[in-house]
Amino acid sequence: MYLKKLFVLHFKSYAEMEWEFTPGVNFLLGDNGTGKTNVLDAIHYLLFCKSYFNPIDSQCISMNEDQFMLSGSFGKDGEDEQISCSVRRGQKKVFRRNKKDYDKLSDHIGFLPGVMVSPYDVDLIDGGSEVRRRFIDSLISQYSHEYLERLITYNKALQQRNALLKSSGSQRANIAAAIEPWDMMLCEHANFLFETRLSFFSEFLPVFESTYSELSNGREVPLLSYESELAGAAMSDLLRHSFSKDVQLERTTCGIHKDDLEMQVHDQSLKKFGSQGQQKTFVLALKLAQYEFLYSKLGIKPILMLDDLFDRIDGKRVQSILDKVSAGNYGQVFITDTSVERLPSLLNPELVSMRIFNTNEPISNPDFADLQ
């Protein structure tokens, strides 16, 4: 699977632009602020129906414009796949596969797998538990459609329950009856989500530990553990015991939506005591393990996007990653860097196809008639 062509219209810093990529390694090289990361984000949008960096779709529309449009031509299993999307301010976004609208955006997730590695991934360590849950959910959803659908249903039920709790005031007796249907729905899906996450971690941990050991040359011992309230009690019991607290705080204080990951190195909290190098290695190991895990599950090499690679790790580990690229461990790869010479010089062009895009230099605009 690989991205052949990418077209963008009024997406972030790009008015109109077109790129043709190689199935091997594509370097986007240039100064800060020249749009390198925006290209990766456009690719991410076509893979996941959303930006990696902007939670609000309208934030991706170029200034003083009403909409953005993206189109990508992909090769997958010997077939051509055309994926396009459009987002207009104040309207629902539209996603199409081969010019046919998706009924649900969730139907697209996992069709074109991908992994993004970004300097912002440090939020996996410094951010709240929702960031780490999003990592888990995004990974599992790419190979389990049932998980994604149940997660969506659980979150909708959670929103309804929280809305009732906020509007309940002192009507405790009435609120108990009102939230009962939503409690039943939460319980129905929580156990499946929990069991799926448990199964995922039993398979993912060896991959992560092996990847971390390789990146750290075996010098450090990482610990990654999954923490959930459902490990000690059923969802129904948790909701019943927390009812008074939920009414008082006007939100659901227990459940699968409170799960978290514990990250340690040498039995010490990575967030509190880990060095910058250890944190970067830990996050990079998570992402590269994500790649390997998805490949094993799907039988397709995901698109790998490495944003500002030298910000993540030192030169020796960058070389180690590029050696894997040369050896064919990865499929199509996109790499950004501020130096226009550094990264290409580390790859052997006889072993892997390369294409270099210098974002410091203007590129002619294409005809966007096919996007309409």
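Derivation of every value follows stated rules applied to the coordinates shown; laboratory data play no part. Keep in mind that what you see is a predicted model, and the values were worked out from it rather than measured. Cβ atoms come from the backbone with ideal geometry, glycine included; neighbour counts cover every protein chain shown.
For the chain, give me the percentage of DSSP beta bridges that are antiparallel, rounded to the nearest 5 percent.
70 percent
In degrees from 0 to 90, rounded to the nearest 10, what is the angle of the helix 36-48 Cα long axis to the longest principal axis of the chain?
With both axes taken from Cα atoms, the answer is about 50 degrees.
Sticking with the crude label model, points 7 Å out along Cα→Cβ, report the distance from Leu205 to Arg96 in nm, one decimal please.
Going by the 7 Å Cα→Cβ label model, 4.8 nm.
Restricting to Cα pairs below 8 Å that are 6+ residues apart, what does the relative contact order work out to for the range 125-299? Please round to a whole percent.
It comes to 30 percent, rounded to a whole number.
Note the angle between two axes, namely the Cα long axis of helix 172-215 and the longest principal axis of the Cα atoms of the chain, as a number of degrees from 0 to 90, rounded to the nearest 10.
Taking Cα atoms only, the helix is inclined about 40 degrees.
Summing Lys, Arg as +1 and Asp, Glu as -1, what charge do residues with Cβ under 15 Å from the Cβ of Gly218 carry, Gly218 excluded?
0
Using a 10 Å cut-off around each Cβ, can you sort His241, His189, His108 from fewest to most neighbouring Cβ atoms?
His241, His108, His189
Amide H of Val221 versus every other amide H placed in the peptide plane: which residues, excluding those fewer than 5 positions away on the same chain, fall under 5 Å?
Excluding prolines and chain starts, which carry no amide H, the hits are His266.
Under 15 Å from the Cβ of Asp259, count the other residues' Cβ atoms, weight Lys and Arg +1, Asp and Glu -1, and hand me the total.
Numbers: positive: Arg132, Arg133, Arg134, Arg150, Arg197, Lys258; negative: Glu130, Asp137, Glu195, Glu227, Glu229, Asp260, Glu262.
That works out to -1.
Treating the angle as unsigned and between 0 and 90°, give the value, to the nearest 10°, between the Cα long axis of helix 315-326 and the longest Cα principal axis of the chain.
Between helix and principal axis, roughly 80 degrees.
Quick one, which of (1) 29; (2) 25; (3) 34 is the actual percent of Cα pairs over 34 Å apart calculated for this model?
(3)
Would you order Thr253, Thr211 from fewest to most other beta-carbon atoms within 10 Å of each residue's own beta-carbon?
Thr253, Thr211
Taking 8 Å as the Cα distance limit and 6 or more residues as the minimum spacing, I'd like the relative contact order of the chain as a percentage.
26 percent
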